[in-house]
Amino acid sequence: MIKLKVESKFAANQYLPRIFFTCFFLFVASWFIASMAMAAESDVLTVSDTEINIEIHPAQGELVAIWLPSEAGPQPVDEQIAAELVDLGVEVWRVDLVEAHFLPQVVSSVDIVPPEDIVALMEHAFKTTAKKVMFIATGRSAIPVLRGLHKWQLNGGDGAALLGVVLFSPKFFVETPDPGMAGELMPIVSSSNLPIYIIQPDQSPWYWKLKMTVPALESSGSDVYVRILRKVRDRYFFRPDATEQEKQLTQHTPEILLQAAKLLGYLPKQTRTVNPISIPLPAMREGKKDRLLSDYAGNPKPPPLSLPNLNDQLVDLNHYKGKVVLLNFWATWCPPCVHEMPSMQRLQEKMQGKPFVILAVNMAEDKATVKEFLNTKVKVDFPVLFDSNGKALQDWGVYAFPTSYVVDKNGLIRYALFGSIDWDEEEIVNKITALTVN
């Protein structure tokens, strides 16, 4: 009896490795088959002799999302988000139209993507999948999507095939205008008639332009929904300096996109008509703007400015008549702003004894955040003011962070620029010093 038990135990141990490896093989094989089913496929669409490579992440649901990257190009995280959307039942097509035309990854390249590319993608998706189509675009890629779908509608595209468009922090303006100049919207913005869902971080200059861009989109019939993401920046899901909150939100981005799709799906079906765009495309500036402290091109009389400082005392620009004022619009989440602040402090030290003052207007952040920043990141002793509702930003026509204005002793704006510079460079110091003695 005992011997039989021992032999039986021995026999079982003898077969355990075989059982283990058989089970392991079946597990690996099952995983491999499942992975192959979910693995990205490839397709090539030819449009006017241009080959457009489509990376397809297939799924069993009733929706296909065509995803165009921002002007920065495709990002590694895009594939991760695509895989998670597949798990949620959304098929994803990743397409880089800038690369298809062998163009550099810059804004001006995105602007010249032919609308026919979007038309062809829309028709190809509907014919090969018979699924609803949703476009996803980030930043400047919103423009070719809107243009392409406008052309598709003009060509008689079946509106029932299109669920809508989801835009991450879209860039609708022709370019960032020089301080004092009005921003010009791309003509397609006010000519579109589409279901549109905008995902807009609030730590962005474009957040403050929604009061201008949303009505423009709605003017031709577009249904526009906006979801504000609090305390995150543009491109939050692929920023190399992402905060912990931005990283956490990235993990929830597939669910955010699915929620957008569901909301767009609730819209009542309707015939969406569009008119041809007769307005010629605006002339685009070649290359990047120079970051120079240049003569101010707008009305030299400044808008009113009266804001509380860190001690809740009101600071009024009019109280500084007889002094040169450097007025700087900034935020703690803006890397160029942070970069230039030490040079502003050095400028103040160089201007000591002269009729000169710096006023730094913070963009709608709470005092605790700003105080912690000033105590731990950048130490300055010039006044910091709080524009809690963004009114000053809008009054002064700020389109980018940082934006700075130099007001002379007579209270007139003399110089301005958007973007960061080293304020203690000799040329800058000489310009400002000249104003103090005139």
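So the values come out like this:
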quantity: Matching entry among 181, 186, 122 (being out of contact with any helix residue (DSSP H, G or I) (no Cβ under 7 Å at 6 or more places or on another chain), touching a residue at least 40 places away in the same chain (Cβ under 8 Å) and not acidic (Asp, Glu)); calculated: 181
quantity: Restricting segment 403-438 to residues that are among the β-branched types (Val, Ile, Thr) and within 16 Å of residue 354 (Cα to Cα), the residue that is surrounded by the fewest Cβ atoms within 10 Å (Cβ to Cβ); calculated: 437
quantity: Cβ pairs under 9 Å, 6+ apart, first in segment 386-406 and part of a helix (DSSP H, G or I), second acidic (Asp, Glu); calculated: 393/387
quantity: Which numbered condition residue 130 fails, given (1) touching a residue at least 24 places away in the same chain (Cβ under 8 Å); (2) closer than 24 Å to residue 41 by Cβ; calculated: (1)
quantity: Selection status of residue 411, modelled with pLDDT of 95 or more, in a loop (DSSP other than H, G, I, E, B) and in contact with a Pro (Cβ under 8 Å, 6 or more places away or on another chain); calculated: yes
quantity: Unique residue being farther than 15 Å from residue 166 by Cβ and not in a strand (DSSP E or B) when the list is 259, 270; calculated: 270
quantity: Selected residue [in the same structural domain as residue 174 (by TED's automatic domain parsing), crowded, with 22+ Cβ neighbours inside 10 Å and part of a loop (DSSP other than H, G, I, E, B)] from 141, 70; calculated: 70
quantity: Checklist (1) surrounded by fewer than 24 Cβ atoms within 10 Å (Cβ to Cβ); (2) over 30 Å from residue 413 (Cβ atoms) applied to residue 134, failing item; calculated: (1)
quantity: Residue under evaluation residue 362, criteria (1) within 28 Å of the chain's Cα centre (by Cα); (2) in a strand (DSSP E or B); (3) farther than 25 Å from residue 240 by Cα, criterion not met; calculated: (3)
quantity: Tally, over segment 156-206, of residues that are among the aliphatic types (A, V, I, L, M), in a strand (DSSP E or B) and either farther than 25 Å from residue 332 by Cβ or out of contact with any Phe, Trp or Tyr (no Cβ under 6 Å at 6 or more places or on another chain) (or both); calculated: 8
quantity: Filter result for residue 135 (outside any helix (DSSP H, G or I) and of a type in the set (A, V, I, L, M, F, W, C)); calculated: yes
quantity: Residues satisfying the stated conditions in segment 158-175, i.e. more than 16 Å from residue 235 (Cβ to Cβ) and crowded, with 18+ Cβ neighbours inside 10 Å; calculated: 162, 163, 164, 165, 172, 173, 174, 175
quantity: Subset of segment 380-402 that is over 22 Å from residue 181 (Cβ atoms) and of a type in the set (A, V, I, L, M) - its residue that is surrounded by the fewest Cβ atoms within 10 Å (Cβ to Cβ); calculated: 380
quantity: Residue satisfying all of: in segment 213-241; within 21 Å of residue 370 (Cβ to Cβ) and of a type in the set (A, V, I, L, M, F, W, C); surrounded by the most Cβ atoms within 10 Å (Cβ to Cβ) among these; calculated: 232
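The values are calculated or read from the model by the stated rules, or taken from the named source; none is laboratory data. Quick caveat, the model's predicted, so the values are computed rather than measured. Ideal geometry is used to build each Cβ from the backbone, glycine not excepted, and the neighbour counts take in all protein chains shown.
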